[in-house]
Amino acid sequence: MKKEKVLFWIVTGMSGAGKSQTINCFEDFGFFCVDNLPVELLPKMADLCSRSGRPLQRVALGIDIREGGFLRDFLSTVQQLKHQGVDCKIVFMDADDRALMRRFSETRRRHPLGTSVQVGIKEERKQLLKIKELADKIIDTTNLTLSDLKQRILELLDARNEHTEMQLSVVSFGYKYGLPTDSDLVWDVRFMPNPNYVQTLRKKTGRDAAVRRYVMRTPQAQRFGKKFFDMVTESLPHYIREGKSYLTVAIGCTGGRHRSVVMAEALAAYLKKHDYKVRVHHRDIDR
């Protein structure tokens, strides 16, 4: 029987970060899904899917630390699959420690590592560091609703279906609410003029023309914007040559409402002029 090309999305990451919900999202988008699959069955699963025809060409698999051989065999097994021609992508689900603690408390579940929840989270994060570094996409669910999560998965699938070289996301955020952990590049713009100290601008956002003019009014801000945009644009071809399909640029200010929003919108517009497909998300604009 002729083997067909198989696309595997492997969903892994921190316990409590939303792996099962992510698998459900893939299933809603027409994927054949298996949650908590033993690592040792991955090659056999790939072989069965490649011989089954169209129904099993799009597959999403949930694998996590509950599976006994996960840490020992996962990376070598994924490399084996890639050498066999399986199109294999790793999606790493993450959230900050506070969110994970809250979720375990709400569900009254024990941590899979069998220790206290706080110690288990710390140890799991340490053990999964190498896998996270090699992931094709990291999704931080700390502040995501289920609808937001579905949109993130849809963006991944759209990027694959459109055969684009790279899918770019530009995110604005507030440092007071923490770094977005799924970002690849992070830039701090807290040195720019702050509209929060101007009474008429405080309640507006970086989407308002008056705020944009205030933030970008100085020659220093304008020079920085040009150098920053050029630096990002010049680096993108190098990421593409390294095989990176998704890149998230995060721009932060204190509260995530003014300066970071201005710069995120401006960077996205600049990248679009250079024919990149860009999505913009303002994480903290409504806080």
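The values are calculated or read from the model by the stated rules, or taken from the named source; none is laboratory data. Model, not experiment: these values are computed from the prediction. Here the Cβ is made from the backbone with ideal geometry for all residues, glycine too, and neighbour counts use every protein chain on show. The area values use the complete protein model at the heavy-atom level, side chains included, leaving out ligands, DNA and RNA. Shrake-Rupley method; radii C 1.70, N 1.55, O 1.52, S 1.80 Å.
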Exercise for the section: Heads up, I need the accessible area for Glu40: 1.4 angstrom probe, whole protein in place, Å², nearest 10. Expected result: 150 Å²
Exercise for the section: State the answer as a single residue: which of Tyr276, Thr233, Tyr214 lies farthest towards the positive end of the charge dipole of the chain, with beta carbon charges of +1 for Lys and Arg and -1 for Asp and Glu, about the Cα centre. Expected result: Tyr214
Exercise for the section: For the chain, list log₁₀ I(q)/I(0) at each q in 0.07, 0.09 Å⁻¹, using the Debye formula over Cα point scatterers of equal strength and ignoring solvent, two decimals each. Expected result: -0.30, -0.50
Problem - Stretch gain in nm, segment Thr145-Ala269, where the contour uses 0.36 nm per residue and the Cα spacing is subtracted - result: 42.0 nm
Practice task
Might you report the magnitude of the Cβ-based charge dipole of the stretch 132-287 about its Cα centre, with Lys and Arg at +1 and Asp and Glu at -1, to the nearest 20 debye?
Solution key: 880 debye
Exercise for the section: Tally up the carbon and sulfur contribution to the accessible surface of the stretch 13-52 as a whole percent, 1.4 Å probe, everything protein left in place. Expected result: 50 percent
Practice task
Return a whole-number percent for the relative contact order of the stretch 137-266, with Cα pairs under 8 Å and 6 or more residues apart as the contact set.
Solution key: 44 percent
Problem - Residue pairs, from the table Lys226/Lys273; Lys203/Lys272; Lys150/Lys272; Lys126/Lys150, whose Cα atoms sit over 20 Å apart - result: Lys203/Lys272; Lys150/Lys272; Lys126/Lys150
Exercise for the section: Any chance you could run the full-extension gain for Thr200 through Lys226? It's 0.36 nm times the residue separation minus the Cα-Cα distance, nm to one decimal. Expected result: 6.6 nm
Fill in the blank from the handout: Measure of exposure for Asp28: accessible area at 1.4 Å probe, Å² rounded to 10, is 100 Å²
Handout entry: Where His83, His274, His238 fall by accessible area, highest first, once all protein chains stay in place (1.4 Å)
Key = His83, His238, His274
Problem - Accessible-area value, Arg283, 1.4 Å probe, nucleic acids and ligands omitted, Å² - result: 50 Å²
Fill in the blank from the handout: GNM of the chain, Cα pairs under 10 angstrom: of Gly16, Gly85, Gly114, the biggest fluctuation goes to Gly114
Exercise for the section: Amide H neighbours of Cys33 under 5 Å, at least 5 residues apart or on other chains, H built in the peptide plane: list them. Expected result: Ala60
Fill in the blank from the handout: Surrounding charge for Tyr175, neighbours by C-beta under 9 angstrom, Lys/Arg +1, Asp/Glu -1, total +1
Fill in the blank from the handout: The relative contact order of the chain, taking Cα pairs under 8 Å that sit 6 or more residues apart, comes to a percentage of 19 percent
Handout entry: Computed lengthening from Leu179 to Glu133, 0.36 nm per intervening residue step minus Cα-Cα distance
Key = 14.9 nm
